[in-house]
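The values are calculated or read from the model by the stated rules, or taken from the named source; none is laboratory data. Quick caveat: nothing in here was measured; it's all calculated off a predicted structure. Cβ atoms come from the backbone with ideal geometry, glycine included; neighbour counts cover every protein chain shown.
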Amino acid sequence: MWEIETSTVNARNDTGAPIVELVGITKSFPGVLANDDVDLTLRRGEVHCLLGENGAGKSTLIGILSGLTRPDAGTIRIEGVETAISSPRRALELGIGTVHQHSTLIPALSVLENLMLGDGRGVRLDRAAARRRLAELAAQLGVEIDPDTRAADLSLGHQQQVEIVKALWRGSRVLILDEPTSMLTPQGVAELAKVLARLKAQGQAVIFITHKLHEALSLGDEISILRQGRLVGTIVREALRSKSQEELRAEIVRIMFGEEAREVADLAELQEELDNVEGTARVVAAGADTVLELRGVSSPAEGSELGVEDVSLGLREGEILGVAGVDGNGQRALAEVIAGQRRVSAGDIVLYGGAVTRMNVAARQKLGLRYVTDDRLGEGIVGSLPVGLNLFLKRVGERPYWRNGRIQRAVVEGRAAELVREFDVRTPFVTTRAATLSGGNIQKVLLARELSFHPKVVVFHKPTYGLDVRTTATVRDLIRKLADDGGAALVISTDLDELLEICDRIAVLSRGRLVGVVPNGPGAAEHVGELMVGGRAGLEAA
Amino acid sequence: MSTETVTGETQLAQRRPRPARTVRAGRVLDGLIRSVVPVVLALGAGAILLLALGRHPLAFYGDIWTNGVENSAWQDSAIRMAPFLLIAAGLTVIFRANIWNLGYNGQFLLGAALVSGYGPGLVNDIPLWAAMVVLFLLAGAVGALWTLIPAVLKARYGTNEIITTLMMSFIGIDLASILIKGPFHDSTTPLPQTAVLTKMLPNIPGTRIHVGLLVAFAAVLVVHYVLTRTSWGLRLQIMGANPRAARHFGIDLPRLIVVAFLVSGFMVGLAAAADILGLQGYIRTGWNPAYGDTIIPFVFLARLNALAVVPFIAFFSVVSTGGDIAAADANLSTNFLLVLVGLILIFMTVIEYLGRRRELGASYLTPGLRQALRAPLVRRRST
């Protein structure tokens, strides 16, 4: 366990008193110790950042605080009094409000109606009082919220503001924000920072959950780092003020990857590289051929996710083209029409000059058009089948792995073993069931499947989402290698930093339409952010 | 969240991988526990019931053994196995695909009606072997045809096949009745039944067991081979485990659904042919053995493995052959045997639940089926 400074002694001087103290919180789920003896103190007027990789136990801890989960051991003290948070309702009564990562607003209801849902007291709805309360809270936060807009018509930034108002509605003292920036544009993040400052000034305690280091450093008054369920370090207010960004960065990385002192230097570099927003622009030959072209492609919406409408774009040889946009704006539809998983209602998809619009997944796969899905567990693998077989699930029935319909186990397992080595998939055996692998290794299985057998044009959908730093670096290297070797990559991601780092150009998808393409370089981030917002406003006006 | 979410380098629980062979042996052992324990528990609970009814359980079970296995009674049990095995094979195929074909009774009776209607004439008109082949295929075809409407509805519109197959089953059962009273009625008798076959399936030399049992074993072997070794079987397994993944891999789901249904119905039809041509010889209205209903638990006990189903079917055949007599001897209703089957189902459910908590090997169900059944039961967990 690494500790830079212990947080217990020197904290009370200039900050507020502790509101919530978690002591020795332990929670296990079958097979996983999600929280192991975690201590955490929240103080009035402080933003406490909870930093950690996916699966580090952040969400479990938040679940315990918000009453969704009960700990196996440990105590929670609220203003010094030992308290059990037995249900979400109880958490609200205690003044703990939560803003979840994904919107919990009911789209068909107005902002005001959404806010009044939580009231539940009395039979009659008191609209006038609710209006007053909303105006009061909006003024406190320094935001403008129209009470009568339907929730569905709000931008994501505004939805989040409404969620914050909702969390504060009944007078909360502690506000939990679960990865609040993951869905926001750069402008939205700046807005959120202002709101946070106001909340602090009013003496709210805020827990801010993130896996982005630079956000934690710029927004937090105190940073706690979780790893594999344990609190592995805390950086207190004084340290955050006195040390330089580089020192802090290096220290946090060391805490997060404590056990391998040997590789720390490497990892610090990695993390820095990953955080480096101004990416190195790659050079794509000016006269490079267009390898994949979408001509006015449309595909209807499925369920709650938007489809795509009249999307045209060209991907050139050796190019990495990013597709930015807020989640749910047609990314899945775009990826699936290119992969052949979804029918187009209009338009053409052209690969190397030949139309592939009518071809099925297997035919496109054979032509080198590949798709690394974002839904790794849901559709990327069949968990009950062996790792080795999972590598060949897009070529079922093909020679030499199947002959006359009969599987050639030796051939499959032999080739699978090679791929497992090549892509460094950490699995005990190729016959191990795929579901037992870690998230990073499952992604490597997908990459091995899609990037083997002469890939040419590959669609990557959120390729590094939820992966640890090292695997993220590996994945990005693979994408670059593909482009350098004369292939082409379409990288769909909601992480703008990622696109800025690896892409040559960035297209922006908004409400299922392509609203612009920005060459990567200085100022690209702002431009993309404007397009993400502007495209929405433009459509609403129309 | 389970182990896959553990990031970083060191796994949370440092598990040293066991050698593949041990893992495999472990899985087989787990499977055996899952399969055999419910049967043992059901027999135990049945014993308690028998005691409560004032019968001696050991005497009753001993009577089943005597009348189901000893002397040449095993041959009667074996005769019963033929239709059971064929239905089990058909259900295994469709359940593997995560689809419920619950219309087996209608498919079975329609096949049986057609075989009984055309059989008596056909066996005298053409060579016996040819007549038998034609009748088997006819019954299979009718069984398959009867799944076509639910299959197409499911494939094209995602219509819930549990409802459509059940509805088609009711229609099939009554249609069989109409056929028996109408065109297939034996005019020499006022009873609502078909003419009795004059020539039946030949016996396996040296036994009283008809060759339908061989057909059934062949079908089981073919199904097992197809499911475990071929690309079609793998596609079916992928669809059953994770339909979204199947779509991602470019599997033609609608077509696969229809074919799986047809194969399943075909097998059920063959079961009808084997039963009529080998054992019953004719059919009358109101006769509905509902073999499928008693077979389903054993298909799941065998964890949708076509070979593993054989010992269970053998066990059940012995219980039902010997049990009929034992129940009569003990002055019990033969429905007591259904109570035993019901108990097996209950204990399967218990083991399924415990198994999940204790990591007791794989489930009886495909992942998709399990998800569908458990979703409303399992409390949502936030991690």
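The numbered conditions (1) buried (at least 19 other Cβ atoms within 10 Å of the Cβ); (2) in contact with a helix residue (DSSP H, G or I) (Cβ under 8 Å, 6 or more places away or on another chain); (3) more than 19 Å from A:Gln331 (Cα to Cα); (4) away from every other protein chain (no Cβ under 11 Å) are all true for A:Pro463 except (3). The residue that is modelled with the lowest pLDDT, among those in region A:343-355 that are buried (at least 20 other Cβ atoms within 10 Å of the Cβ) and within 15 Å of A:Val311 (Cα to Cα), is A:Val344. Over 24 Å from B:Thr349 (Cβ atoms) and part of a helix (DSSP H, G or I) - does that describe any residue in region B:299-307? The answer is no, given that none of the residues of region B:299-307 is over 24 Å from B:Thr349 (Cβ atoms) and part of a helix (DSSP H, G or I).
Residue count for region B:236-259, restricted to those that are within 7 Å of chain A (Cβ to nearest Cβ) and over 26 Å from the mean Cα position of the chain (by Cα): 6. Residue pairs whose Cβ atoms lie under 7 Å apart, sitting 6 or more positions apart in sequence or on different chains, and linking a residue in region B:61-89 that is at positive phi to a partner that is surrounded by fewer than 18 Cβ atoms within 10 Å (Cβ to Cβ) and not hydrophobic (A, V, I, L, M, F, W, C), do not occur here.
Taking into account only those residues within region A:450-460 that are of a type outside the set (A, V, I, L, M) and either farther than 13 Å from A:Ile320 by Cα or surrounded by 20 or more Cβ atoms within 10 Å (Cβ to Cβ) (or both), which is nearest to the other protein chains (Cβ to nearest Cβ)? Write out each step before concluding.
Step one: list which residues in region A:450-460 are of a type outside the set (A, V, I, L, M), which gives A:450, A:452-456, A:460.
Then keep just the ones that are either farther than 13 Å from A:Ile320 by Cα or surrounded by 20 or more Cβ atoms within 10 Å (Cβ to Cβ) (or both); that gives A:450, A:452-455, A:460.
Values: A:Glu450: 11, A:Ser452: 15, A:Phe453: 15, A:His454: 18, A:Pro455: 16, A:Phe460: 14 Å.
Among them, the one singled out is A:Glu450.
Strands (runs of 3 or more DSSP E) fully within region A:13-70 that include at least 1 residues being within 17 Å of A:His100 (Cα to Cα), modelled with pLDDT of 90 or more and out of contact with any His (no Cβ under 9 Å at 6 or more places or on another chain): A:47-51.
Could you say which residue among A:Asp289, A:Asp310 is modelled with pLDDT under 90, out of contact with any Pro (no Cβ under 8 Å at 6 or more places or on another chain), away from chain B (no Cβ under 14 Å) and surrounded by fewer than 17 Cβ atoms within 10 Å (Cβ to Cβ)?
Numbers: A:Asp310 fails: modelled with pLDDT under 90.
Within the list A:Asp289, A:Asp310, the selection yields A:Asp289.
Of everything in region A:361-373 that's of a type in the set (A, V, I, L, M, F, W, C) and buried (at least 23 other Cβ atoms within 10 Å of the Cβ), which residue is nearest to A:Gly487 (Cα to Cα)? Spell out how you get there, then give the answer.
Step one: of region A:361-373, the residues of a type in the set (A, V, I, L, M, F, W, C) are A:361-363, A:367, A:369, A:372.
Narrowing the set further to residues that are buried (at least 23 other Cβ atoms within 10 Å of the Cβ) leaves A:369, A:372.
Values: A:Leu369: 10, A:Val372: 15 Å.
If we take residues in region A:361-373 being of a type in the set (A, V, I, L, M, F, W, C) and buried (at least 23 other Cβ atoms within 10 Å of the Cβ), then A:Leu369 is nearest to A:Gly487 (Cα to Cα).
When the residues of region A:313-336 are filtered to those that are of a type in the set (Gly, Ala, Ser) and surrounded by fewer than 20 Cβ atoms within 10 Å (Cβ to Cβ), which remaining residue is farthest from the chain's Cα centre (by Cα)? Looking at the filtered set, the residue picked out is A:Gly314. I'm trying to understand the selection: among the residues of region A:469-491, which are in contact (Cβ under 8 Å) with a residue 60 or more places away in the chain and either over 16 Å from A:Glu450 (Cβ atoms) or in a loop (DSSP other than H, G, I, E, B) (or both)? Scanning region A:469-491 gives A:Val469, A:Arg470, A:Thr472, A:Ala473, A:Asp484, A:Gly486, A:Gly487. Taking residues in region A:221-243 that are within 14 Å of another protein chain (Cβ to nearest Cβ) and over 23 Å from A:Leu196 (Cβ atoms), and partners anywhere that are surrounded by fewer than 20 Cβ atoms within 10 Å (Cβ to Cβ) and small (Gly, Ala, Ser), the pairs with Cβ atoms closer than 9 Å and at least 6 places apart or on different chains are A:Arg227/A:Gly258; A:Gly229/A:Ser28; A:Val232/A:Gly258. Selection of region B:179-188 for residues being surrounded by 13 or more Cβ atoms within 10 Å (Cβ to Cβ) and without any contact (Cβ under 8 Å) to a residue 60 or more places away in the chain yields only B:His185. Beta carbons closer than 8 Å, at least 6 apart along the sequence or on distinct chains, pair a first residue in region B:201-215 that is part of a helix (DSSP H, G or I) with a second that is aromatic (Phe, Trp, Tyr) and buried (at least 21 other Cβ atoms within 10 Å of the Cβ) for B:Val215/B:Phe136.
Restricting attention to region A:311-337, the residues that are in contact with a helix residue (DSSP H, G or I) (Cβ under 8 Å, 6 or more places away or on another chain) and on the phi < 0 side of the Ramachandran plot total 7.
With more than 27 Å from B:Ala25 (Cβ to Cβ), loosely packed, with under 14 Cβ neighbours inside 10 Å and either out of contact with any Pro (no Cβ under 8 Å at 6 or more places or on another chain) or modelled with pLDDT of 90 or more (or both) as the only criterion, which of A:Arg376, A:Arg358, A:Arg395, A:Arg426 stands out? Spell out the reasoning first.
Details: A:Arg376 fails: loosely packed, with under 14 Cβ neighbours inside 10 Å; A:Arg395 fails: loosely packed, with under 14 Cβ neighbours inside 10 Å; A:Arg426 fails: more than 27 Å from B:Ala25 (Cβ to Cβ).
Of A:Arg376, A:Arg358, A:Arg395, A:Arg426, the one residue that is more than 27 Å from B:Ala25 (Cβ to Cβ), loosely packed, with under 14 Cβ neighbours inside 10 Å and either out of contact with any Pro (no Cβ under 8 Å at 6 or more places or on another chain) or modelled with pLDDT of 90 or more (or both) is A:Arg358.
Before we move on, is B:Pro120 at pLDDT below 95 and either crowded, with 23+ Cβ neighbours inside 10 Å or not in a loop (DSSP other than H, G, I, E, B) (or both)? Give the steps one after another, and end with the answer.
Working: at pLDDT below 95: yes; either crowded, with 23+ Cβ neighbours inside 10 Å or not in a loop (DSSP other than H, G, I, E, B) (or both): yes.
Taking the combined requirement at face value, the residue satisfies it.
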